[in-house]
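One structure is given below, encoded as structure tokens.
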Amino acid sequence: MPFLYNYTKRFALDYMILAGIGFIAALTPGPDIFYVIKQGLCSGKEAAFKAVAGILSGNIIYLSLVGLGLGSIGKNPYFQLIVGILGGVYLVKIALLSFKEKVKLNIDKCEINKNIYKEALLLNLSNPKAMIFFAVVVTPFLSKNIMLSLLTLFIGISTAFILASLTSSKIQLEEKILNIINKIAGIIFLFFAIKLFMVAFEAYEKIGS
């Protein structure tokens, strides 16, 4: 029983971490989150929710593609070795950019847009790096249920965007707050890069044994 309890606790903690990464990553300053904030500030909560719906629809498409790909080759040690190394380097690069970047929140012009959902969807799908990020983040969880990992990541992302849509229509977000979020995200990405390097090392040991 103690073993089962510890295993369940570790299992839940891993998925909480994954959801947290999705949450922080979604709040990291970028085109998607700025679009939601802009709609909330300019047109209110309903417009912000439409933007969130479009962005999350794009995320579902990318996550589905990642799930289909990782489901077939994700547990291959050679694949884990390559993705672990390249993914770790990729996250280190993102983390360093997060530390250096100065966020500028420019929402001077408010335009009435009747196609918010479509525009948000195309905005999200125009960034294929999102799919790379999803694949990299899920890699350390390949020994578990891939679909559950992707669902947990999506829940974290969805929570962040819904929170942004609710708050952006009620409060004035400051660049200082967004810069702090950026730095926090950078630290989390660094820790996760280390986790990916560990995945690569474990895969290397499997190949050598």
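Laboratory data are not the source of any read-out in this text; all were calculated from the coordinates shown. Bear in mind the structure is a predicted one, so any value in this text is a computation, not a measurement. Reconstructed Cβ throughout: ideal geometry from the backbone, glycine too, with neighbour counts over all protein chains shown.
What the table below lists for this structure:
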{"quantity": "Efficiency of FRET from Cβ geometry, residue 93 and residue 45, R₀ 25 Å, rounded to 0.05", "calculated": "0.10"}
{"quantity": "q = 0.22, 0.27, 0.28 Å⁻¹, the stretch 25-93: log10 I(q)/I(0) [Debye, one scatterer per Cα]", "calculated": "-0.96, -1.12, -1.14"}
{"quantity": "Violating pairs (Cα-Cα greater than 27 angstrom) within the set 93/118; 114/176; 114/183; 38/102", "calculated": "93/118; 114/176; 114/183"}
{"quantity": "Approximate spin-label separation residue 177-residue 13, in nm, with each point projected 7 Å along Cα-to-Cβ", "calculated": "3.2 nm"}
{"quantity": "Inter-label distance for residue 155 and residue 57, nm, one decimal - labels placed 7 Å from Cα along Cα-to-Cβ", "calculated": "2.5 nm"}
{"quantity": "Sum of side-chain charges, residue 189 neighbourhood, beta-carbon under 12 Å (Lys, Arg +1; Asp, Glu -1)", "calculated": "+3"}
{"quantity": "Pairwise FRET efficiency - residue 119 versus residue 64, Cβ, R0 = 22 Å, nearest 0.05", "calculated": "0.55"}
{"quantity": "Sequence of 28, 159, 139 once ranked by neighbouring C-beta atoms within 10 Å, starting from the fewest", "calculated": "159, 28, 139"}
